[in-house]
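Take a look at the structure set out below.
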Amino acid sequence: MSAKSFRVISIAVILVMLFTACGKTTPATGSTKEKVNLTFWYWAESDAPGADAWMTESVEAYKQVNPNVTINVVPQSTDTLISAFQSAVTAKSGPDIASQWATGPVLGFVWQDALVPISDYVSADEIKNWLNTNENTYNGKVWGASMYLIGIEIMYNKAMFAQAGVTPPASGRWTWDEFITACEKLKTAGITPFIAGDKDGYGGAWWFAHVGMQGLDSTDDLRQAIIGNKDFTDPHYTGWYSSLDEMVKKGYFNEDVMSLDLSQGAQAFSQGQGAMSWGTDGMIKQALTDLGADKVGVMRTPQLGAGKLADTGNATQSITFFLTKWSTHPQEAADFLVYLHTADRLTSWYQHTGVIAADARFDRNLVTDPVLKQMVEWETTGPQIWLENFLPGQLDSDADLTAGQMIFSQSGTPADAAALWQRSAETWRNQHPDELTNWKNWQQ
Amino acid sequence: MLEKKLSTGTGITFRKIEPYLYLAPATILVVLVFLYPIVDIIRTSLLQNNPDGIKTFGFTNYRLVFEDPVFWQALGNNGKLLLSVPILTVLSLLIAILLFEHVRGWLVYRGIIFMPYVLAVPVVGVTFGYLLGLNGIFNTLLRSAGLAFLAQNWLGSVKWVLPSISVVIIYREMGFGVVLFLARLMSLEKEILEAAAIDGANFWQKHFYVTLPQLSGVIEFFVVVELITMLSWVFAYVFVMTGGGPGFASTVMEFYIWKHAFAFRSPGIASALAVVLLMVTTLLIVLQLRLRRRSLEEGA
Amino acid sequence: MKTPKSLRRIRTLLASIPNQIVLILFSILSIYPVYYMAVTAFKTRPDWLHNQFGLPNPFTFQNITDALIKGEIPLWFGNSLIVTVASLVVTTVVSALAAYAIARFRFPGRAFYFNMMIALMVIPPAVLILPLFVLMVNINLINKLPSVIIIYSGLLIPFSVYLLVSFFRSLPPELFDAASIDGCNNLDMFWRISLPLSTPALVTLIVVNALFVWNELLIALVFLQDQSQKTLMPGLTLFKGHFTVNEPLIMAGTLIATIPMILLYLFGQRLFVEGLVAGAVK
């Protein structure tokens, strides 16, 4: 009796577990042509609002041409972009195509043997049209596809400048002293000189990539400090924090800089809450819409440092799309990425986002606004480096983002910020001797 | 008659194994979800990285953890969160006693005050993110009350971020405490309280000397549950509201473990951190065992 | 001397005014975030930027429809429901059986087993996720709902067993003696006595556990990366990370996620609140 009822319960329990275990199996249906399902972990919307809508359109369009290929796009969030893909790498299963920020993050996964080079699946003739492929070239291979180019420069509110009697630089670029003088004038006129957001830490990271870079001579210069041959406490690397600190102390930033995220800071500029802010092409486009086409101007970041990179631009592909090692259809996945670089898609990309496509075939005449035209010229002339891409992820998170917050929230001095860089680099080197080896061998 | 004899015949062995059959399904899950992972993290925490990529056994991960100031800060942050448990408990008790005093509309109040406990943590976190912004409602109220000097960057300042998170946790958990205490109060015998009132005890004397001792059991239960919450269940609040910042000011152990395990690719460090956290929670286990002794005495 | 009845009533009313004030204050605090969420969800973005705290002007449904389209909230909601129900069924059945054994039988290892359960109650899930992640990968359950169902069921066992053991113990032994004389075996007694008499404790357990599973973020975030498998909490969190500058849209998403819980609460309040404490207060 009892044994029998016990068995009934056990069976019930097992059934429940089986039921839940079998909940979501997709039946394999046979068809004439082999059906290919591709999963694409996609990130771009935060850089370029409109990017999601463009991707939806592109997937639909691709389906028309290749009815056997289904692309399942999974939008990714900035906060978990790295950790989600790291989990997939640990699991050795996940998307066929994934997104990571260029250079450091991409190569970090290359070294974990999680990627196949896209140059093995796409002809050199095609790839030569893609811009900034150098950001992901390693061991003679190109590891991912660029899609767009963004750079950041300073956007300013013309009306506020006029009100405070500030004239924008004739050459398009101020010296640091001119910049500070302008800030003081704006402040005196009761205007917030520079509006930004650093709750998420990216505001500070942009200062590093943009102003911090000016003191350096090359990316290898930075690498020497990362691998421990030089000290981050050297003002060469971290001296610029004093200038940032001075600006914060003088009240040149909005008071709520620490309760806004980076993109909320740009939004506040669009609302007319400050005279200057960092702007990507997309953010500038938004400001032009919100404030009026003739109300916004752009200038290059004032010159602070005297390193060889002081004049280098910062345009980057930002995000890279690449093929994963475990994908069973790398060729089909690569074909889709090539499709995204067809003329029609490149034009559509620009129409959706206002950000230029990273392709030599992109028709630059589409950019008609003089302000945005100016940005494009800066972004495509001369060498371009986004310095944040040349940091190990842990150092970016623990030192770059954190040191910026330290200064913006005034919870530490510039010396504390420098010490944090040094300490975090040491921690990273100790915790990741294997990664350190890769960084040591990496010839930039 | 015959059936009974038969069952006793085979019963001796069955009787012996019967309790274990009842325990079996739970045991399988517990081994899978708790015991295997604990053994595994201890092993992983002893595997250290080397420049050539080959892993060897040793205590390096622990040394690196103890040398890392962020680890101490994260542990300290959990400790500071524990400090909000007394505040939470006292507030819940106070509201429960007020409701118990047959205030008009107490059922409605109870319904409203319990509601935050039903809200999802990310929902609470996102909403409070806006309310506690520098130009959020909280500061707006302070400013319009002429208290502008009190307005703070609640989630963006190193000094205020942890207290602010505590307030949000208290906001959500208080409903649970109120309902729990109120239910216990209502099961008390009326005569005792009435006798105290007749003896001339005032409101506070009555509750302090008569009510509180009666509630000690349920208070202890609540305190232990909340201590566990502050040590082991605050990830969602931190992740949604601050991402551990500014700096590391709101980084808690759970968040730091997650970061090392899934963002920094350092399973060894993550495991060593986890083992240390495990050691700390053993302190709570001691508390728990006291609770168990009480409940055993009651049960027996 | 006797105070007239009406006067006494007025006096008690006056005396309760401070209490009323405190309670009203706390009620406003409790309800305000929900109010804020609701009004923000129906604002246009330009309206929100200039009018954060007032009523929507103009009133719009755009955010709600956008959130439903862009956020896959109905899908996440369904997944949360499946995960919650399945975890509750497994953990309740399994824990009740174990608790019954501990409460009713004397056997070697009983005390050890119960102590272990109590000790496991304080283990932070963050400690367990890395090995569990690798395990789920190896048994090919990663990115599938059963992975989190198994983990939640397991995580809830210690607390459930603890609560049920103390309740089962409080049941009068005479009942079991009588049933035993009537020829009931242990499993019959489990079904016919222990479970029905423990309804308050079971309701408490289900409510507490349901709230836990429904609200869990860390495990869901790590184990369910696939869009179609996400539950509501990571879905909402990532939704927030994705539309940072569109606050009304985010609030619309959270509102949609919250409404069913509030409705459930409003309609089942008595059962909910009383069930929550019935077992714990015992």
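The values are calculated or read from the model by the stated rules, or taken from the named source; none is laboratory data. Computed from a predicted structure; not experimentally measured. Cβ atoms come from the backbone with ideal geometry, glycine included; neighbour counts cover every protein chain shown.
Here are some notes:
- Index of the failed condition, A:TYR42 passing every other in (1) at pLDDT 50 or above; (2) surrounded by fewer than 21 Cβ atoms within 10 Å (Cβ to Cβ); (3) aromatic (Phe, Trp, Tyr): (2)
- Scanning the range C:168-193 for residues that are away from chain B (no Cβ under 11 Å), surrounded by 17 or more Cβ atoms within 10 Å (Cβ to Cβ) and not hydrophobic (A, V, I, L, M, F, W, C) yields a count of 0.
- Hey, A:GLN444 at pLDDT below 90 and either over 25 Å from A:GLU246 (Cβ atoms) or assigned to a helix (DSSP H, G or I) (or both) or not: yes
- Any chance B:GLU226 is at pLDDT 85 or above, farther than 24 Å from B:LEU107 by Cα and either assigned to a helix (DSSP H, G or I) or polar (S, T, N, Q) (or both): yes
- Subset of the range C:241-251 (residues that are at the interface with another protein chain (Cβ under 7 Å from one of its Cβ atoms) and either buried (at least 24 other Cβ atoms within 10 Å of the Cβ) or at pLDDT 85 or above (or both)): C:ILE250
- For the range C:136-148, a residue qualifies if it is more than 7 Å from every other protein chain (Cβ to nearest Cβ) and out of contact with any Ser or Thr (no Cβ under 7 Å at 6 or more places or on another chain), and the qualifying residues are C:ASN138, C:ILE139, C:ASN140, C:ASN143, C:SER147, C:VAL148.
- Taken over the range C:219-235, the criterion of being at the interface with chain B (Cβ under 10 Å from one of its Cβ atoms) and either over 18 Å from the mean Cα position of the chain (by Cα) or surrounded by fewer than 23 Cβ atoms within 10 Å (Cβ to Cβ) (or both) is satisfied by C:VAL222 alone.
- Unmet requirement for B:VAL90, which otherwise passes all of (1) assigned to a helix (DSSP H, G or I); (2) modelled with pLDDT of 85 or more; (3) within 14 Å of chain A (Cβ to nearest Cβ); (4) surrounded by fewer than 21 Cβ atoms within 10 Å (Cβ to Cβ): (3)
- Options A:ASP416, A:ASP434: the member that is more than 21 Å from A:TYR138 (Cβ to Cβ) and not in a strand (DSSP E or B): A:ASP416
- Cβ-Cβ distances below 6 Å connect no pair with a first residue in the range B:23-45 that is more than 7 Å from chain C (Cβ to nearest Cβ) and without any contact (Cβ under 8 Å) to a residue 12 or more places away in the chain, a second residue that is of a type in the set (S, T, N, Q) and surrounded by 15 or more Cβ atoms within 10 Å (Cβ to Cβ), and a separation of six or more residues or different chains.
- Helices (runs of 4 or more DSSP H) fully within the range A:328-399 that include at least 2 residues being surrounded by fewer than 22 Cβ atoms within 10 Å (Cβ to Cβ) and without any contact (Cβ under 8 Å) to a residue 24 or more places away in the chain: A:343-353, A:370-380.
- Count of the range B:198-229 residues which are over 30 Å from B:VAL121 (Cα atoms) and surrounded by 14 or more Cβ atoms within 10 Å (Cβ to Cβ): 6
- Any hit, the range A:103-122, residues being more than 25 Å from A:TRP442 (Cα to Cα), touching a residue at least 24 places away in the same chain (Cβ under 8 Å) and part of a helix (DSSP H, G or I): no
- The set of residues in the range C:12-26 being at pLDDT 85 or above and either crowded, with 19+ Cβ neighbours inside 10 Å or aromatic (Phe, Trp, Tyr) (or both) consists of C:LEU23, C:PHE26.
- In the set C:LEU132, C:LEU97, C:LEU75, C:LEU49, only one residue is at pLDDT below 85 and surrounded by 15 or more Cβ atoms within 10 Å (Cβ to Cβ); that residue is C:LEU49.
- Failed item, numbered, when C:VAL165 is tested on (1) facing chain B (nearest Cβ under 8 Å); (2) touching a Gly at 6+ places or on another chain (Cβ under 7 Å): (2)
- Criterion applied to A:ASP96, A:ASP79, A:ASP125 was being modelled with pLDDT under 90, of a type in the set (Asp, Glu) and in the same structural domain as A:ALA53 (by TED's automatic domain parsing), and the one residue passing it is A:ASP79.
- Residue list for the range A:207-221, filter: in contact with a Lys or Arg (Cβ under 9 Å, 6 or more places away or on another chain) and crowded, with 22+ Cβ neighbours inside 10 Å: A:LEU216
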